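The values are calculated or read from the model by the stated rules, or taken from the named source; none is laboratory data. Only a predicted model underlies this, so the values are computations on that prediction, with no experimental measurement involved. Quick reminder, even Gly has a Cβ in these numbers, built from the backbone with ideal geometry, and neighbours come from all protein chains shown. Keep in mind that these areas ignore ligands, DNA and RNA; they rest on the heavy atoms of the full protein, side chains included. Shrake-Rupley method; radii C 1.70, N 1.55, O 1.52, S 1.80 Å.
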Amino acid sequence: METLAARIAREGPVNELDAVGWIVRLAKKLETLHARGLAHGGISPEALKTASASRLSLGMLVPTGATRNRLEFRSPERVDTEA
């Protein structure tokens, strides 16, 4: 498995169907985390590991803190408060 960022760097953009599939899967995972009162805090292409670019392949979130904290992937609330 490799990060989505590494896969995109090597193979180019993910096709539209796979991109939407990954977004839906990611949203569902985040919904589960948020329902438990948790936040990942670092969602970016570097935070998602995939077995392939296909939306049907195995995918997982990288643990919080295991990726660079990139400003362009922060929520406005986190940018404003730096929390």
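Structure notes:
- Residue match in the stretch 44-55 (condition: among the charged types (D, E, K, R), in contact with a Phe, Trp or Tyr (Cβ under 7 Å, 6 or more places away or on another chain) and in contact (Cβ under 8 Å) with a residue 24 or more places away in the chain): yes
- Pairs are defined by a Cβ separation below 6 Å, a sequence spacing of at least 6 or placement on different chains, a first member in the stretch 10-36 that is touching a residue at least 24 places away in the same chain (Cβ under 8 Å) and closer than 14 Å to Leu58 by Cα, and a second member that is surrounded by 10 or more Cβ atoms within 10 Å (Cβ to Cβ) and of a type in the set (D, E, K, R); the pairs so defined are Asp18/Arg55; Gly21/Arg55; Trp22/Arg55.
- Residue that is modelled with the lowest pLDDT, among those in the stretch 18-37 that are open to solvent by 80 Å² or more (accessible area, probe 1.4 Å) and of a type in the set (A, V, I, L, M): Ile23
- Against the numbered list (1) surrounded by 13 or more Cβ atoms within 10 Å (Cβ to Cβ); (2) out of contact with any Pro (no Cβ under 8 Å at 6 or more places or on another chain), Ala9 comes up short only at (1).
- Considering (1) in contact with a Pro (Cβ under 9 Å, 6 or more places away or on another chain); (2) exposed (fewer than 11 other Cβ atoms within 10 Å of the Cβ), the lone condition that Leu56 does not fulfil carries the number (1).
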